Amino acid sequence: MDRATADYMGMLATLMNALALQDALRRAGVESRVQSALRIDQVAEPYIRGRALRHLEERKVVIFGAGTGNPFFTTDTAAALRGREMGVDIVLKATKVDGVYTADPKQDPTATRYASLTFDEAIHRNLKVMDATALALCRDQNMLLKVFSIFVPGALKRAVLGEDEGTLVHC
């Protein structure tokens, strides 16, 4: 498949996930908005930085979907970019594993999890935490990164509350 087409399909998948998260938050009584980097006005607001900041000031959760809206950029890069635009201190990355490991724990049973490490260590050791662009953006903008498993019950809540969960990547 053509890479650009595949990337657009991936962006649409992230938008579906954003809508599912918004529905779950609404059911829990949390007001939220989905903003999309791709225009799909019937289901999500277009990404407009000022509007997102206003929603945050109104204490609404803002969910960003469709990556950057451009092929060849990962959702990790989109998360770092939107994080910087929103002025966040930390980017939370919910993934399949419970943190960053010395090697892929599914391939190497001797792999050990880092409690914390620096961006430079992650880049130098090629640990596949995020793509290099996203890691460099977080590092250069002094944004922390927390990597944790979305499959561990309560992990997201603990990460949001700043509790010990997963791996912290820092400058």
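Observations on the structure shown:
- Top-ranked residue of the stretch 98-109 - restricted to ones that are of a type outside the set (D, E, K, R) and crowded, with 18+ Cβ neighbours inside 10 Å, ranked as farthest from the chain's Cα centre (by Cα): TYR101
- Checking GLU121 against (1) touching a helix residue (DSSP H, G or I) at 6+ places or on another chain (Cβ under 7 Å); (2) within 21 Å of GLN141 (Cβ to Cβ), the condition it does not meet: (1)
- Residue that is surrounded by the most Cβ atoms within 10 Å (Cβ to Cβ), among those in the stretch 124-171 that are of a type in the set (Gly, Ala, Ser) and touching a helix residue (DSSP H, G or I) at 6+ places or on another chain (Cβ under 9 Å): GLY166
- Out of VAL152, VAL100, VAL169, one residue alone is in contact with a Cys (Cβ under 8 Å, 6 or more places away or on another chain), within 30 Å of ALA6 (Cα to Cα) and among the hydrophobic types (A, V, I, L, M, F, W, C). It is VAL169.
Residues are listed down the side, and each one gets a yes or a no for (1) touching a residue at least 12 places away in the same chain (Cβ under 8 Å); (2) aromatic (Phe, Trp, Tyr); (3) surrounded by fewer than 19 Cβ atoms within 10 Å (Cβ to Cβ):
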{"site": "ALA28", "(1), (2), (3)": "no, no, yes"}
{"site": "VAL34", "(1), (2), (3)": "yes, no, no"}
{"site": "GLU45", "(1), (2), (3)": "yes, no, yes"}
{"site": "LEU56", "(1), (2), (3)": "yes, no, yes"}
{"site": "THR77", "(1), (2), (3)": "yes, no, no"}
{"site": "ARG84", "(1), (2), (3)": "yes, no, yes"}
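- Flag for ALA4 being assigned to a helix (DSSP H, G or I), touching a Pro at 6+ places or on another chain (Cβ under 8 Å) and either outside the structural domain of LEU156 (by TED's automatic domain parsing) or closer than 25 Å to ALA122 by Cα (or both): yes
- Among residues of the stretch 86-107 that are free of Cβ contacts under 8 Å to residues at least 12 places away in the same chain, those with a beta-carbon under 8 Å from a residue that is surrounded by fewer than 16 Cβ atoms within 10 Å (Cβ to Cβ) and assigned to a loop (DSSP other than H, G, I, E, B) at least six positions away or on a different chain give the pairs ALA103/THR110; ALA103/ALA111; PRO105/ALA111.
- Residue match in the stretch 47-65 (condition: touching a Phe, Trp or Tyr at 6+ places or on another chain (Cβ under 7 Å), within 30 Å of HIS124 (Cα to Cα) and either outside the structural domain of ARG125 (by TED's automatic domain parsing) or modelled with pLDDT of 95 or more (or both)): yes
- All positions within the stretch 70-118 that are among the acidic types (Asp, Glu) and under 13 Å from GLU165 (Cβ atoms): ASP98
- Residues (under 17 Å from GLN22 (Cα atoms) and assigned to a helix (DSSP H, G or I)) located in the stretch 52-78: ALA52, HIS55, LEU56
- Selection within the stretch 90-129 - in a loop (DSSP other than H, G, I, E, B) and touching a strand residue (DSSP E or B) at 6+ places or on another chain (Cβ under 7 Å): LYS96, VAL97, ASP98, GLY99, VAL100, ALA111, THR112, TYR114, ALA115, VAL129
The values are calculated or read from the model by the stated rules, or taken from the named source; none is laboratory data. As the structure is a computational prediction, the values presented were derived from the model and not from experiment. Here Cβ is always computed from backbone atoms with ideal geometry, including for glycine, and neighbour counts include all displayed protein chains.
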